[in-house]
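Engineer: Structure provided below as structure tokens; questions to follow.
The values are calculated or read from the model by the stated rules, or taken from the named source; none is laboratory data. Just so it is clear, the structure is predicted and the values come from calculations on it, not from any experiment. Please note: Cβ atoms are built from the backbone with ideal geometry, for glycine as well, and neighbour counts cover all protein chains shown.
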Amino acid sequence: MSEQPIQLNHPYRLHASFLLSELVGTIKNYFFPIILLWIVNANSDSTFLLIAKWGLLVVIAISIVSSILEWIHFRYQFTNTDLQIKKGGLVRKEQYIQYHRIQNVSRTTNLIGKIFRVTTIKLETEAQDDATVHLKMVTHKQATAIQTFLEWKSNHKAKDIESSDDVSTLSKSLHYNVTKKELLKASFTSFSIVALIPILMTIFFNIDEVFSLDGHVDTVVSFLQDHWIWLTIAIIGLLIVSCLFGIVTTFLQYGRFEVRSDEKRIYIKKGIIQEKENSILKSKVQGVVVSKSIIRRWFGIAKVRLICAGGEMETDETESAVIFPFISVKRIPELLPEIIPGFVYQQPERRLPRRALWVKLLRPSYFWVIVTVVVFIFWSHLWYLSPILLALIICNRLMDYRFTRYQITESITQYEIGGVFNELTTTGMKKVEEVKVTRSWLQRRFGLASIQVATRGKPVQFIMINDIPESDAFDYYMWYEQFVNERYHFYVDQNNKQERINDYGEFNEVDVGMEETDIK
């Protein structure tokens with residue numbers, strides 16, 4: 001390569017702003033304990049508070065020293081075969097990651113990163129332990145070079161990079177830019193509007209620990225109770241502030257949201273103050289989930305999430321796999337096949353048979369039984385909670401029957417369920433890892449069955465299709481059995497072919513036969 005942005009076998013260090021970022025994070029974590037112990041109770045003679053004060057300083061000092069040692073010892077370097085990382089503050093550790101194990105690449109730039117023009121790269125791997133690797137506070141130029149290098153290596157697994165003249169980058173096509181109209185709809189259909197209330201309560205309780213506010217609160221509550229006009233104004237003002245908070249939060253989090261892709265990967269970028277960039281391998285996409293709450297259905301928008309194999313999915317609604325946090329439902333059929341070839345968005349046509357409704361209504365609810373027994377034993381005066389809960393359970397099962405749709409063929413599996421929170425899951429036969437057909441005593445009486453489909457996601461994703469005709473369930477099972485047999489025989493053919501090439505240096509396809517094998 002004439003100009004190689006990544007030097008092989010060269011150890012790189014993190015930017016010095018890593019120390020400032022860790023220091024700010026430490027102060028943020030211990031801010032209220034510092035205020036409480038060293039400002040509010042600065043003149044206290046209590047032995048317990050004295051121990052707590054100096055104990056807090058010791059903990060903060062250990063965190064700062066650990067961060068300094070982490071920065072001093074952290075090294076990462078690229079070789080022809082893997083990424084090597086040496087890290088550790090008080091405990092040293094070395095990690096080796098092969099390039100083909102890296103599934104998703106993402107970038108996050110916080111406020112400090114914007115000031116120093118640095119970012120954090122997160123690599124998601126297939127490993128069971130330490131599946132996520134963070135390269136914190138690297139320059140934007142270095143981050144771009146790392147992403148380009150990893151993308152190039154994923155496309156040229158068998159080549160030696162030093163023997164190439166240049167790094168071939170694939171052109172990225174822009175598919176989607178979020179609109180202000182979609183951001184505004186998302187602000188009113190998400191929980192960001194009501195998020196202000198728990199934030200205000202958290203701030204209140206933290207301040208109340210420092211300065212007692214009980215007397216002031218009682219005064220304000222009494223005043224509002226006696227003056228309903230001011231109470232109304234206060235409620236309206238709180239609603240307005242909550243709406244504005246939700247709108248600002250949504251715009252800051254999802255502003256400049258865009259989706260690009262090339263032949264191998266999907267690229268997602270979002271955020272204004274804290275920028276995030278995610279990268280997902282198309283080959284690792286196992287399925288697509290389109291979810292809509294009842295409010296979002298009214299506004300005609302939905303969230304689209306990918307089921308991916310490998311990678312450590314995040315806890316906040318698998319954020320790295322969400323390609324559209326909110327999008328007009330009308331745009332999904334056009335954009336989804338364009339970004340992920342082979343996946344289509346269409347409403348399943350088949351509904352559950354009428355006898356499935358009786359199965360759902362007759363199926364016992366052990367939760368209702370337990371609650372009823374507990375209520376009648378300990379709170380018998382609240383007996384009316386039992387019929388109310390039973391009515392809610394029946395309504396939920398009626399809505400489940402009403403909105404459930406499915407479509408199962410030799411190539412595609414689709415299942416839509418949910419009245420209040422609707423979710424449509426789509427996957428292909430080639431992405432299925434396991435199929436299980438079950439029939440309960442009640443289902444056998446009505447000629448119904450359930451299918452459990454497992455994909456290769458991590459963690460494993462299960463699609464449960466309940467109370468469908470048993471003929472449909474067993475047809476799908478037979479299709480999958482045939483697919484497994486064909487795939488098994490294909491691998492046997494390939495292995496036999498390779499063995500004959502290795503043994504004799506030539507191969508005659510007539511010599512290899514298809515062997516009948518029972519797969520159970």
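Engineer: Which of the residues that make up region 159-175 are at pLDDT 70 or above and either in contact with a helix residue (DSSP H, G or I) (Cβ under 6 Å, 6 or more places away or on another chain) or of a type in the set (S, T, N, Q) (or both)?
Structural biologist: Answer for region 159-175, where residues must be at pLDDT 70 or above and either in contact with a helix residue (DSSP H, G or I) (Cβ under 6 Å, 6 or more places away or on another chain) or of a type in the set (S, T, N, Q) (or both): Ser173, His175.
Engineer: Ok, one more. Look through Ile62, Ile121, Ile112 and report the one residue that is outside any strand (DSSP E or B) and within 28 Å of the chain's Cα centre (by Cα).
Structural biologist: Ile112
Engineer: For region 1-59, enumerate the residues that are at pLDDT 85 or above, of a type in the set (Phe, Trp, Tyr) and either part of a helix (DSSP H, G or I) or surrounded by fewer than 15 Cβ atoms within 10 Å (Cβ to Cβ) (or both).
Structural biologist: Those that are at pLDDT 85 or above, of a type in the set (Phe, Trp, Tyr) and either part of a helix (DSSP H, G or I) or surrounded by fewer than 15 Cβ atoms within 10 Å (Cβ to Cβ) (or both): Phe18, Trp54.
Engineer: Now, a different point. Has region 403-426 got at least one residue that is among the polar types (S, T, N, Q), touching a Pro at 6+ places or on another chain (Cβ under 6 Å) and crowded, with 19+ Cβ neighbours inside 10 Å?
Structural biologist: For region 403-426, residues among the polar types (S, T, N, Q), touching a Pro at 6+ places or on another chain (Cβ under 6 Å) and crowded, with 19+ Cβ neighbours inside 10 Å: present.
Engineer: Cβ-Cβ under 9 Å, sequence separation 6+ or interchain: first residue in region 460-481 and of a type in the set (Phe, Trp, Tyr), partner assigned to a helix (DSSP H, G or I). Which pairs?
Structural biologist: As it stands, the answer is Trp479/Met429; Tyr480/Met429, since those pairs meet every condition given.
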